[in-house]
Each structure stands twice: as structure tokens, then as C-alpha cells.
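Everything below concerns the one structure shown next.
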Amino acid sequence: MKPSGRTFVLLCAGEAAVVLAGMASLPAAFLLQFLLPLLLFRESFTPFWTGVISAGGYAAGLAVIGIAVLSSRHTTLPLLFISAFVVLLAVVLLLGEARLKRRYGGVT
Amino acid sequence: MELLRCSRSLVLLAAVLGLYAFFFDEPSAAVAGAGIAVFLIARAAFFLSAMQSAAGSLSVERKLSHRFIRQGSALTVTTSVRLLLPKTFSLTVSDRIPAGLSAGGHPHAPADDGSCTFSYSLTPLTIGEHSFMGVTLSFSDLFFSGSLAVAGVTAPTFTVLPSADYALKGADTYGESEGPALTPVMSQSVRSFREYVPGDDIRSIDWKLSARHDSLWVREYMGRSEDASLVIIDLPDAGAPFHPEAFARLKNAAAGSVAARFSSQRPVSILLISGPNLVSFLPRESDPLRLMAMMDRLTPATRLHHLSRYYSTASLRKRYHDLDDTPFSATLAGVTGPFLSRRPPTAFESGLARIFHGLRAGSAHLFTLAAQDRSHLRLIAERGAMGSMSVHLHVPRECDGPLLRRCGFSSVEVI
């Protein structure tokens, strides 16, 4: 289950390819970015329906990023928006974890 | 939830790409960095969802080698756990053993396929009824790890009995302690029979009765009830004002009680406390000079610990257990139950338990000014009731005697 160093190198190379592809065509960069984790971490997208749900959530997040990037000429505002979006999701997850621990741990 | 090496690398990569996009105004780098961040968020959401479904489907079955066991004997626990777990997850299940018990072996096992069974032994050192505190599920996948304590699975309970039912030999003229009464005429001194509990003396097994019932039965011998007593003196707080005249009367009354018991050659033990602080303890003192020296040293003591409207766990359990059957009562019992199961006793309660258990006195006399918080007085009364000991309270007339009657003392004497 542990990823090898090779996986991380491949991911870095893939991200470099995403950046290069984005210089020519942003839709191609989106497509590559969507496919890259699915290919490199495909064992974590199993079984089938779990993988579909995870990939769907990932695609929805990428769509939000796409809207943010395409709506501005510069990257500063989209980056701020995306950072806020990611922080918001992280906070929601932390709250969800706290709720889960309180529900099963019996802490009031 | 913690990030593992893989996810930490991804966070670092996303940050590098984000900085690159910010400084070089490169949208494709922003797409790449944000894509990685969103991917991690999606995996974290999936991780939480898997934790929740696993905890929701959890079933735990524990088997104990014995439901009743002697203090210090080994108890074997076999725990079987089943739950639903996605294939990409690793899981380790740990049993949360009751507080105050030491575990031998490993009370945990991997359950990557959603089920596991593991055995370990417990050596209980504290007497009373114990229940498990639940299980801890430790999850991990490629990106995250996290643990979840599930408190609802506490069955079954087991009871730890004192290591020795009988105290040791003593001079029967003065009724010092209950003896095993191993007399040549054994049949006349048998009080009752009961089933064998691990830790019992095998000499007390009744083989004829055991053969008849096809299980081990032991004889419980009759013994003389003791007439030892304990004198508890609650010293006032040196840092707070107190009534010196009342304290002088209290000291005289305590010294008189000790002298009366000593002159009648009854064993007497003296416990000095100051609020919820144990100051000193003189068990079964027979030297009159030491007794008198101790009585001369009765001065206000500095209190390091204080209690305020404190109730013992046992009394709180009783309070919430005896409620009516309304939904509110059920919710209240559900909320307080897990909290009370993990609530440790105070150092004062532990000290009292050790003293009262080792002493086996028939009665106790508590001399106190009852000037400040009275939680420690209530704890002493409860501890006495648990050990079938009558606790008599002696207070000066300046304090509120009728209010103290509600604390559960056998009698209240105003000095």
C-alpha cells in the first residue's frame, strides 16, 4: 500500500507535463490533471463504485478550479479563491471528524 | 486524521506549484497545484466516510474466562471484532481495558479483512465491578491515518473480589479480626457453600459437594466478627479561619474516645485527614505513648487539595440510574454513562479505599468541624457503607448537624 519513490517522481513529472500542456491549451491541462492521479493512484480508486464516487468528487473540484482560473486574466485572484475553497473544505472535514469522534466516543 | 508521507509530499508539491503560479502568473501551474489539493481533499472525505461506515457496522464480542475473579489473579479475555472495511484500508483494533488494570499480551490485532480475534490477559488490582471502555479503531490508507475510539461496546462486565476474604489471626479475646476458624470440628464452623472463584484457597474446596455438582464448590467458614474501630480526625485548614474553642472541644472528645477504646483493650486505628488530604495513619496502634503523642499533635494542617460539591462516581451512577423512564432521563443516562465509566477516583478516594479495605474495622468515628466543603465527609460515609462499616459523626454544636444527617452517617453526635 505504501507508494514508492518512483510514484512521486512520476507525479512530479506528470505535473510538469500539466504545466507545459497548460501553456499550449488549458483544457488539455485540465484533462491531464484529472487523469494523472487516477492513473498513478489507481489502487486507491477501487472498488469500482467507490472509485467512481471519488473520481466524481475530484472532477467536481477541478470544475470549480477551472471556473476560477478561466474567469480571470491573472492567477492571483483565482489562487486566492482556490486557497479559500480548499481551506473551507479542510475545515468542513475537520468538523466532520470531530463530530464522528464525538458521536462514537461518547464525549459530550 | 494525520497526513502520511505520500500526502505530505503531495501537499508540498501543491504548495510549490501554487507559488510558481503566483510569482510567474502561470494558470496551468495553478490548475496543477489546485488539482492536487482537491484530490487530497476528496481522498480525505472518502477516508472519513469509510471510518464512519466501519464504526457503524462494528460488532464486538468478548469472552471472559471468569466473570468473578480474585484480586491479582489473571483473567483471559478473547475479543472478536467484525466490521465493514473498504479493501484499500488497513485497520488495527485495540481493546480499551478498564482503568486500573494491567494487560498481559497484546490487546490489539490487525483486521485488514474486516474481522479479527485476539486474546490477552488482565490482572485486576482494584476490587469491584469493571467494564471495558470500548475499542479503538486505527485506520490507515495510502494518504491518511486516524484513530476512532468507540465507547459503546463495553460488555461484558466482571467483578473483582478482594484477594483474601479473611483477615489474619488475632487474639479472639479482644475480637481483633475475623479468622478462618480452621478448627478440628470443621463442619460446625461452615457458614455456607459457594462456587469456586479463581484465587480461592484450594484447601477450602468441598470435594464431596464438588463431585455431586460436577463443579468446584468451596466452604465459607464462620468467623468471629471483629470489634476494632477507626477514629478519623478531620483537622481544620491552616489557611482558613476556624473556631478555636470548637476545635479544642473536638480534640478532647477524640482523645476521650481513643482513651476509652484503648482502656477496654479494643484495637484502635487513627486516621488524620484535613479535608480531602490524608495527613497520617496509625493502624492498630497498641503503644499508648505513641497514641498520646499523636493526639498532642492535633493542629490545623495546610490543605494541598480541595473538593467542592464533589460526588463519587458510584453515587452519580446511582443518581442517574434511578431516574424515571422518560426520554430525557434516557438521554441523560446516555450522556453521563460514558463519562462516568472513564472518571478516575481522586487520590483521597483511592487512599480511603486502601485504608478501609486493609483495616476491616466494624465501626468508625469521625470527628470534624465540618466548617468548609463537606464532600470528603460524604465520601467517608459512602466508603463506610460499602464496607458494611457504621460511621458515626461527631461535630461541635456550632455546625449544622441536621444537614450532615443527610450524608449517610449512622449517627451524628453534637459535642
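The values are calculated or read from the model by the stated rules, or taken from the named source; none is laboratory data. As the structure is a prediction and not an experimental result, all values here were calculated from the model. With ideal geometry, Cβ positions are generated from the backbone for all residues, glycine too; neighbour counts draw on all protein chains shown. Quick note on the areas: whole protein, heavy atoms, side chains included, nothing else; ligands and nucleic acids left out. Shrake-Rupley method; radii C 1.70, N 1.55, O 1.52, S 1.80 Å.
For the stretch B:101-134, the candidate set comprises residues that are of a type in the set (Ser, Thr, Tyr) and surrounded by fewer than 18 Cβ atoms within 10 Å (Cβ to Cβ); within that set, the residue that is nearest to the chain's Cα centre (by Cα) is B:126. Tallying residues that are within 9 Å of chain B (Cβ to nearest Cβ) and aliphatic (A, V, I, L, M) within the stretch A:77-91 yields 5.
For the stretch A:84-95, the criterion of being more than 18 Å from residue B:38 (Cβ to Cβ) and modelled with pLDDT of 85 or more is satisfied by at least one residue. Counting only helices (runs of 4 or more DSSP H) that sit completely within the stretch B:265-345, those holding 1 or more residues that are under 23 Å from residue B:249 (Cβ atoms) correspond to B:288-296. Could you tell me whether any residue of the stretch A:92-100 is surrounded by fewer than 14 Cβ atoms within 10 Å (Cβ to Cβ), more than 9 Å from every other protein chain (Cβ to nearest Cβ) and not hydrophobic (A, V, I, L, M, F, W, C)? Yes.
In the stretch A:23-39, the residues that are on the phi > 0 side of the Ramachandran plot never reach a residue that is assigned to a helix (DSSP H, G or I) and open to solvent by 40 Å² or more (accessible area, probe 1.4 Å) with C-beta atoms less than 7 angstrom apart, at least six apart or across chains. For residue A:18, indicate whether it is at the interface with chain B (Cβ under 7 Å from one of its Cβ atoms), touching a residue at least 12 places away in the same chain (Cβ under 8 Å) and of a type in the set (Val, Ile, Thr). Considered against the rule, which asks whether it is at the interface with chain B (Cβ under 7 Å from one of its Cβ atoms), touching a residue at least 12 places away in the same chain (Cβ under 8 Å) and of a type in the set (Val, Ile, Thr), residue A:18 comes out as yes. Residue-level analysis places residue B:77 outside the set of residues that are closer than 29 Å to residue B:197 by Cβ, open to solvent by 20 Å² or more (accessible area, probe 1.4 Å) and either hydrophobic (A, V, I, L, M, F, W, C) or modelled with pLDDT of 80 or more (or both). Residue A:74 fulfils the conditions (1) within 30 Å of residue B:56 (Cα to Cα); (2) facing another protein chain (nearest Cβ under 9 Å); (3) open to solvent by 40 Å² or more (accessible area, probe 1.4 Å) except for a single criterion, (1). The residue list B:312, B:329, B:341 contains one member that is open to solvent by less than 80 Å² (accessible area, probe 1.4 Å), within 19 Å of the chain's Cα centre (by Cα), at pLDDT below 85 and among the hydroxyl-bearing types (Ser, Thr, Tyr), which is B:341.
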